[in-house]
Each structure stands twice: as structure tokens, then as C-alpha cells.
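Take a look at the structure set out below.
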Amino acid sequence: MAPLPPRILPRSIATPSLLAAVLIGKFCDGLPFYRQERTFARHGLEISRQDMANWAIAVAKKLEGLIELMRAELLSSTYLHCDETFFQVMDEPGRPNTSQSYMW
């Protein structure tokens, strides 16, 4: 029997394609985890929003090195364009709930 290929999140049901679908849904398509949870449920899959949030955090930790390389590349540019659309973050430490936050 051939060994299993290495997994991004060992001991997890999340395959690379499932992780990609969840993260693209969240960060590219703007689908909150609760909506994705309902979509999966319609297809007979029970994947909780807590699991999806934990997966997103775990994948981000695995990609820290790549993220830092991308950050260094961006910051080495002469100028940088970005979308500074603001949003509200509830219970952000040290800031009132009425303050504007940005995701760059």
C-alpha cells in the first residue's frame, strides 16, 4: 500500500481542495463561514464554521514564511496601491466599536 501524500493539516478531514474552496469562498468571494456552513449542509456535509475558522488560522500559520516574503516584497516597492475600504470590528482591544478598521 502506498503512503498517503503529505497533508496540509494532518489528522483533519480537510483536503487541500476543501481548504482552497473554503478560503477562496471567505477571502475572495466574501462568503462568511456561517453561509458556507449552510451551503455545505444543503449538500449533506456537516462542516462547522468553527472548524472552518480553525482551518483558516492553521493554514495562515503554515504559510507565515510565504506571507513574510510577500510582505517584504511589497514593502520594498517605491509605492503601493491598496483598497482602503473600512469595516467595523467588534471588541477590538483598545478601540471603541465605532472606530474604523482596515484590511490591507
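By how many nm would the segment from Ile8 to Glu92 lengthen if fully extended, with 0.36 nm per residue of separation less the alpha-carbon distance?
27.2 nm
Determine the gain in length on full extension of the stretch Met1-His43; use 0.36 nm per residue of separation and subtract their C-alpha separation, reporting nm with one decimal.
12.0 nm
Given Cα pairs under 8 Å that are at least 6 residues apart, what percent is the relative contact order of the chain?
Normalised by residue count, the contact order of the chain is 17 percent.
For the stretch 1-86, just say rounded, prolate or oblate: build the C-alpha gyration tensor, square-root its eigenvalues into a ≥ b ≥ c, call rounded for a/c under 1.5, and beyond that prolate if a/b exceeds b/c, oblate if not.
The shape class here is oblate.
What nm value, rounded to one decimal, do you get for the distance between Leu69 and Ile24 when each label is placed 7 Å out toward the C-beta?
With each label placed 7 Å out from Cα toward Cβ, I get 2.2 nm.
Can you run phi through the Karplus equation (6.51, -1.76, 1.60; θ = phi - 60°) for the stretch 71-86 and list ³J(HN,Hα) in whole Hz, with x for Gly and Pro?
4, 4, 4, 4, 6, 7, 6, 5, 8, 9, 9, 8, 8, 9, 5, 8
Starting from the Cα of Ile57, step 7 Å along the direction of its Cβ; do the same at Ser77; then give the gap between the two resulting points in nm.
3.1 nm
How far is helix 49-62 tilted off the main Cα axis of the chain, in degrees rounded to 10, range 0 to 90?
70 degrees
Search the structure for amide H atoms under 5 Å from the amide H of Leu31, placed 1.01 Å from N in the peptide plane, and list their residues when 5 or more places away or on another chain.
Here the answer is Lys26, since their amide H atoms fall under 5 Å of that of Leu31.
Computed from the coordinates by the stated procedures, all read-outs in this text should not be read as laboratory data. It should be emphasised that the depicted structure is a prediction, and the values quoted were computed from it without experimental measurement. Note that we place each Cβ from the backbone using ideal geometry, even for glycine, and neighbour counts take in every protein chain shown.
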